[in-house]
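Reading through the structure tokens given below for one structure.
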Amino acid sequence: MLVINGTIVTWETPNRILENQAMLVRGSKIVELGPQDSLLQKYPNEERLDAKNAFVMPGNLCAHTHFYGAFSRGLAIPGAAPADFPEKLSKLWWPLDRSLNLEDVRYSALVCLVDAIRHGTTTLIDHHASPDFIEGSLDEIAQAVDQSGLRASLCYEVTDRNGPAGTEAGINENLRHIRNIKSGKTHDGRLAGMFGLHANLTLSEKTLEACRKACPEGVGFHIHVAEHPVDEYDSLEKSGMRAIDRLNKHGMLGPQTLVVHAVHIDVREMEQLAETSTWVSHQPRSNMNNAVGLPMVESMLRAGIKVCLGNDGFSNAMWEEWKAAFLAHKLVNLDPRRMPAETVVEMAVYNNAQLVNQQFGITTGVLKEGAEADFITAEYYPFTPVTEGNLPWHMIFGFNESMIRDVVVAGKVLLRNRQLQTLDEEKIAYHSQKLIPQVWRRFDEKFI
Ligand SMILES: [Zn+2]
């Protein structure tokens with residue numbers, strides 16, 4: 001497939017914006033990038049994808065999401081609204097995840113995957129929970145991902161909140177999925193796996209030890225840390241240590257591990273994240289929605305911590321998350337110089353790509369010869385000049401997800417001229433609507 005008539009943003013380091021260039025895709029990869037005239041001459045019979053003067057750029061990546069949360073949209077929480085983050089867990093997320101059966105899990109994933117394709121997000125790192133149906137739940141998601149054509153890294157959140165049997169089942173589901181990935185049987189390398197943990201506040205010392213022991217070499221943990229101060233206080237109470245110190249003591253930090261949020265960590269915890277090359281994922285929309293505060297992202301980056309950008313189950317339109325990051329840190333610091341657009345790009349483009357590439361053993365998030373053919377076209381027709389230098393600001397103020405016309409992953413077209421090619425949105429939405437009354441009824445029953 002020859003991609004022609006586009007303005008190509010490579011997101012290499014340093015970034016390049018290419019005019020009059022074409023991109024040849026063979027199989028799942030970009031095999032040639034060069035002057036359009038000569039590529040058209042060289043490959044006259046090649047199938048073409050005409051970008052029609054749109055921008056062609058790598059697909060967006062999401063470092064942390066929860067497909068399972070999709071059916072919360074429009075759900076009424078009984079009684080008074082949750083007053084803080086711990087109440088959000090006990091009044092919304094925990095009764096909801098306990099209300100999901102395997103079919104709900106599959107459809108929660110499918111609706112998110114439709115959303116991701118439509119909005120140009122090509123790889124997602126998911127964190128799953130469905131305590132009444134643990135075994136096989138990651139297979140349901142894996143099959144949905146396979147059907148969609150997207151890439152996803154999956155894990156099951158181990159927690160002690162559903163008793164010892166639930167803890168053990170969570171550990172086993174992670175191991176089963178990781179074994180499937182390692183066996184190489186799965187879906188053309190479009191799936192990866194981590195070892196999921198909920199958060200310090202629902203994990204005993206014994207469970208952390210068991211998870212450390214069970215987790216295979218080379219696999220990282222994916223865990224929420226210090227989203228709210230309660231996680232730190234709970235950790236101090238259980239272990240006499242702060243949350244990151246506790247994970248470090250258990251040997252759970254490191255270059256494969258992904259720590260989510262890190263809003264309330266202290267300086268010594270930051271130092272440990274930097275020393276161990278542990279990844280951090282930032283979700284500003286979720287932080288604002290839960291009113292938990294914002295992490296010191298710029299300080300973390302300065303300290304050498306690789307901070308990425310996720311969406312925590314918000315819409316899979318990642319440019320919305322870019323914009324939230326850009327704005328939120330200015331407001332909270334009362335300083336318009338904070339979180340410049342290039343820092344957002346550092347997280348959302350470069351760090352996310354490194355994280356995804358490490359997990360999947362591929363090169364994505366960049367358009368160059370040898371990289372995976374994971375890209376989007378966006379109908380952005382700028383009325384001011386676009387340069388490599390000012391592109392990050394165009395991304396924040398100009399681009400939006402409604403401009404996305406085509407989405408390609410591993411060389412396969414998933415969205416062509418705004419039409420979904422692999423998933424039937426109407427059917428998926430219709431079937432989800434049929435599942436919702438039972439899910440919400442179970443939610444009311446499980447609500448304490
Ligand atoms: Zn989360």
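The values are calculated or read from the model by the stated rules, or taken from the named source; none is laboratory data. In this text the structure is predicted, and so the values were computed from the model without any measurement. Heads up, the Cβs are rebuilt from the backbone with ideal geometry, glycines too, and the neighbour counts pull from every protein chain shown.
Observations on the model:
- Taken together, A144, A152 contain a single residue that is away from the ligand (no atom under 16 Å from the Cβ) and not in a loop (DSSP other than H, G, I, E, B), which is A144.
- Cβ-Cβ distances below 8 Å connect the following pairs, each with a first residue in segment 142-166 that is aromatic (F, W, Y), a second residue that is part of a loop (DSSP other than H, G, I, E, B), and a separation of six or more residues or different chains: Y156/A129; Y156/I134.
- Here segment 123-172 is the region considered, the condition is being hydroxyl-bearing (S, T, Y) and more than 19 Å from the chain's Cα centre (by Cα), and the residue that is farthest from D97 (Cα to Cα) is T167.
- Per the conditions (1) more than 16 Å from the ligand (Cβ to nearest atom); (2) within 22 Å of D126 (Cα to Cα); (3) in contact with a Lys or Arg (Cβ under 7 Å, 6 or more places away or on another chain), the sole criterion not satisfied by T202 is (1).
- Counting only strands (runs of 3 or more DSSP E) that sit wholly inside segment 1-89, those with at least 2 residues that are surrounded by 15 or more Cβ atoms within 10 Å (Cβ to Cβ) and within 16 Å of the ligand (Cβ to nearest atom) are 60-65.
- Taken as a whole, the condition of being within 16 Å of the ligand (Cβ to nearest atom), in a helix (DSSP H, G or I) and in contact with a His (Cβ under 9 Å, 6 or more places away or on another chain) does not apply to N311.
- Annotation: of all residues in segment 200-211 being within 15 Å of V259 (Cβ to Cβ) and either of a type in the set (V, I, T) or out of contact with any helix residue (DSSP H, G or I) (no Cβ under 7 Å at 6 or more places or on another chain) (or both), the one that is surrounded by the fewest Cβ atoms within 10 Å (Cβ to Cβ) is L208.
- Close pairs from segment 253-277: first touching a residue at least 24 places away in the same chain (Cβ under 8 Å), partner within 16 Å of the ligand (Cβ to nearest atom) and among the acidic types (D, E), Cβ under 6 Å, at least 6 apart: H261/E227; V263/E227
- Residue match in segment 322-330 (condition: under 14 Å from the mean Cα position of the chain (by Cα), within 16 Å of the ligand (Cβ to nearest atom), over 14 Å from N287 (Cβ atoms) and not in a loop (DSSP other than H, G, I, E, B)): no
- Checked against (1) under 21 Å from A109 (Cα atoms); (2) modelled with pLDDT under 95, H431 passes all but a single condition, namely (2).
- Where N333 falls short, out of the listed (1) polar (S, T, N, Q); (2) away from the ligand (no atom under 16 Å from the Cβ); (3) touching a residue at least 12 places away in the same chain (Cβ under 8 Å): (3)
- Within segment 273-299, tally of residues that are under 16 Å from V345 (Cβ atoms), in contact with a strand residue (DSSP E or B) (Cβ under 6 Å, 6 or more places away or on another chain) and away from the ligand (no atom under 14 Å from the Cβ): 1
- Flag if G254 is within 16 Å of the ligand (Cβ to nearest atom), assigned to a loop (DSSP other than H, G, I, E, B) and within 21 Å of the chain's Cα centre (by Cα): no
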